[in-house]
1. Could you please let me know if residue 233 is of a type outside the set (Val, Ile, Thr), over 30 Å from residue 366 (Cα atoms) and within 28 Å of the chain's Cα centre (by Cα)?
2. May I ask you to list the residues in the stretch 249-261 that are of a type outside the set (Lys, Arg) and either surrounded by 12 or more Cβ atoms within 10 Å (Cβ to Cβ) or at pLDDT 95 or above (or both)?
3. Please enumerate the residues belonging to the stretch 204-245 that are touching a Lys or Arg at 6+ places or on another chain (Cβ under 7 Å) and in contact (Cβ under 8 Å) with a residue 60 or more places away in the chain.
4. For the stretch 173-187, which positions are touching a Lys or Arg at 6+ places or on another chain (Cβ under 9 Å) and within 22 Å of residue 44 (Cβ to Cβ)?
Amino acid sequence: MKKIMAFMTIGIFSLPAVASDAYGDPFEGWGFVKDDWQVVCDNTLTCRAAGYADESMFDMPASILLTVIPKKALPIAQIQFLSETSDKTYHSAELWLNGKNQGMLQPDADGSAYDLTAKQTQHLINHARQNTKIEIRAGDKNWSISDKGMSAVLLKLDEVQGRVGTPIALVSQNHTSKQIPKSAKPKPIIKKAFSYSEKENKTLSASKQAYFQVNINKWIDIDAKELIGSEDDMGDCELINPKTDAYQRMQEYSSDRLDWEFTAADAKHTLASHLCWQGAYNESYGYWLIDNANPRSSQLITTAGNDYSDGEIWAMHKDRGIGDCWNHAIWVWNGQTFAKSEDSSSGMCRGFAGGAWDLPTYVSEVIKNDSKAQ
């Protein structure tokens, strides 16, 4: 992350300013957000800009996604929209910009979205610097996608990919400050190592379980500020420490014991987990990797996990209680540690069950090892 932030700040004083009420880092979470638009970029420098219907249009949600590859002039554009009926596909849907018909929308291969043609995409980009009424019309139905924040978000995307003042800029071609377009970065490669699977059921012996339970607090600093926070700030794993108010309240109102759990990852490593926090719709566990030969060197993997299976730790959380948007991350066992393999959200909470899009901040290529060697 430090390297990413470094190149983002280079030349910051020579770039055009974005709207002051915008917020967020393009490489984290929901990314950079302005009004009804957001841009999320991943570690390969691919950026995805998404615009949505105004929040008041909750009964007719619509969204457009622009996937922008570094150094490629034209984004890949898609549109989704839903109605009160269960039928998601309209074969006569049209794109309209400022009251002008831009042609039919073509359903993609699985019918879950619509692909814009290169001409339709270019028209949309050309309208980004002005007030634009973006509509989808199908029969007697009409959906609107807000243009509020579109220009600021695409300008931020230009900055991140080094497009400002270049012919391939989305909204800043004529700016006097000129950048050098950045190249795409390769996906990290993770070689997934052998781990015990659920089918193999390699459970720890009772004596081993007891040994870990008695000694775990010697190997992990449960008083660490990162975990329990301070008087003013909540930490990432308050329920790990019996001295915290959160732990005491949990024990007072719940009959569940806040115990550690231990799972054999392979013959030489154990995964320790503990409930960190719990809310109305979400909860998370901390996961620590223990080297059985040197347990004092335990390594914290995440305090946001939900599940572990077959060499993968998963974290999945609702961004809103009704479940119309999510975020998730995965860590994969590589024989030495659990390396993050992906991190993404489904975008802003705007009425799509499960979210409108997949907007990753981290991607990788996982190569599976079928060997049974331990």
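1. On the way: of a type outside the set (Val, Ile, Thr): yes; over 30 Å from residue 366 (Cα atoms): yes; within 28 Å of the chain's Cα centre (by Cα): yes.
Against the criterion (of a type outside the set (Val, Ile, Thr), over 30 Å from residue 366 (Cα atoms) and within 28 Å of the chain's Cα centre (by Cα)), residue 233 qualifies.
2. Just the residues of the stretch 249-261 that are of a type outside the set (Lys, Arg), to begin with: 250-256, 258-261.
Listed by number, the residues that qualify are 250, 251, 258, 260, 261.
3. Just the residues of the stretch 204-245 that are touching a Lys or Arg at 6+ places or on another chain (Cβ under 7 Å), to begin with: 219, 235.
Of everything in the stretch 204-245, just one residue is touching a Lys or Arg at 6+ places or on another chain (Cβ under 7 Å) and in contact (Cβ under 8 Å) with a residue 60 or more places away in the chain, namely 219.
4. The answer is 179, 181, 182, 183, 184.
The values are calculated or read from the model by the stated rules, or taken from the named source; none is laboratory data. Owing to the predicted nature of the structure, the values given are computational and were not obtained by experimental measurement. Note that we place each Cβ from the backbone using ideal geometry, even for glycine, and neighbour counts take in every protein chain shown.
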